[in-house]
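All remarks here apply to the structure that follows.
The values are calculated or read from the model by the stated rules, or taken from the named source; none is laboratory data. Since this is a predicted model, take the numbers as computed values, not measurements. Methodologically, a virtual Cβ is constructed for each residue, glycine included, from the backbone with ideal geometry; neighbour enumeration extends over all protein chains shown. Only protein heavy atoms, including side chains, enter the accessible area calculation; ligands, DNA and RNA are left aside. Shrake-Rupley method; radii C 1.70, N 1.55, O 1.52, S 1.80 Å.
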Amino acid sequence: MKKKITVILKKNLVSLGSVGSIVQVSSGYAFNYLIPYNFAQLPTKGKLKHYKMFSDLKQQKLDEIHVKLQVLSKKLGQISKISLKKKVGNNNQIFGSVSDKEIIANLFFVIGEKLEKKNINLPNIKTLGIYNFDILLAKNIQIDIKLQILPAFI
């Protein structure tokens, strides 16, 4: 019997890898633990072909998402400043605060793409002025935009 054999993981294992990974393990570990407890399966031609097909589809989807994020970041990069009008009280204090929904609606009006609330990192804004906020699209794609709060005269 071989000392090392190849298996396809069915579940995430910290020591070995994630679902669908093809790993080499000792034969005893595979036949006494991984396969009986349904953590892994032996690779066959059909299973390897199936795994390759799914990994290719997954990679295609990731590439499409990456292209969409690049286009969105280019659109957001063209924006230098966003202005919002808020009702003002004494000492340039605004009533309430600026919410993520207002920012999302304003950005949707400008670029035509709807962002999610979790992507926007907005500071606590209670007075008039110019503030910076971040839009985090992915781990490596972050855009800084200025937000100008103006008084709304009714």
Only one of I145, I149, I135 is under 16 Å from the mean Cα position of the chain (by Cα), modelled with pLDDT of 85 or more and assigned to a strand (DSSP E or B); which? I135
Of the residues in the stretch 19-59, those that are charged (D, E, K, R) and open to solvent by 100 Å² or more (accessible area, probe 1.4 Å) come to K45, K49, K52, K58
Search the stretch 109-133 for residues that are closer than 19 Å to I149 by Cβ and pair each with any residue that is in a strand (DSSP E or B) and among the aromatic types (F, W, Y) when their beta-carbon atoms are under 9 Å apart and the residues are at least 6 apart or on different chains. I120/F133; N121/F133; L122/Y131; L122/F133; P123/Y131; P123/F133; I125/Y131; I125/F133
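Yes or no, residue by residue, for (1) without any contact (Cβ under 8 Å) to a residue 24 or more places away in the chain; (2) more than 30 Å from A152 (Cβ to Cβ):
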{"residue": "I35", "(1), (2)": "no, yes"}
{"residue": "L42", "(1), (2)": "no, yes"}
{"residue": "S55", "(1), (2)": "no, yes"}
{"residue": "K58", "(1), (2)": "yes, yes"}
{"residue": "D63", "(1), (2)": "yes, yes"}
{"residue": "V71", "(1), (2)": "yes, yes"}
{"residue": "K74", "(1), (2)": "yes, yes"}
{"residue": "K81", "(1), (2)": "no, no"}
{"residue": "L84", "(1), (2)": "no, no"}
Specify which of the listed residues (L84, L62, L72) is part of a helix (DSSP H, G or I) and surrounded by 13 or more Cβ atoms within 10 Å (Cβ to Cβ). L72
In the stretch 114-132, the residues that are surrounded by fewer than 13 Cβ atoms within 10 Å (Cβ to Cβ), within 22 Å of the chain's Cα centre (by Cα) and part of a loop (DSSP other than H, G, I, E, B): K114, E116, P123
Among all residue pairs at least 6 apart or on different chains, which show Cβ distances below 6 Å where the first residue, located in the stretch 1-29, is of a type in the set (S, T, N, Q) and at pLDDT 90 or above and the second is loosely packed, with under 12 Cβ neighbours inside 10 Å and part of a loop (DSSP other than H, G, I, E, B)? N12/S18; N12/V19; S27/M1; S27/K2
